[in-house]
Amino acid sequence: MVGALVIGLAVLAYIMLSGQPRTTEEDALGRAADSIGDAADSISDSARDAARNMPQVPAPQPAPTPAPAPAPAPVPATPPQ
């Protein structure tokens, strides 16, 4: 699909630069190409404006560290009798 577009644009450029008189069909193709280019410019401008106007979100803060585990109960030195 993209290859066909590139070939079409190359053919249009050749026709426009060859100096031959253009037919109404070629004029229509040129106007269509200009309209498509203008639409693409408008879309990219709108996307750039939308990205510029996005609210700034603060960076996420790290999670708090967990509390230390309680110390184990002391073991008696001598077993009870």
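Details
- Within the range 1-21, no residue that is of a type in the set (K, R) sits with its Cβ atom under 6 Å from a residue that is modelled with pLDDT of 75 or more at 6+ positions apart or across chains.
- The range 15-67, subset basic (K, R) and in a helix (DSSP H, G or I), residue modelled with the lowest pLDDT: R31
The values are calculated or read from the model by the stated rules, or taken from the named source; none is laboratory data. Everything quoted here is computed from the prediction, not taken from an experiment. Virtual Cβ from ideal backbone geometry, glycine too; neighbours counted across all protein chains shown.
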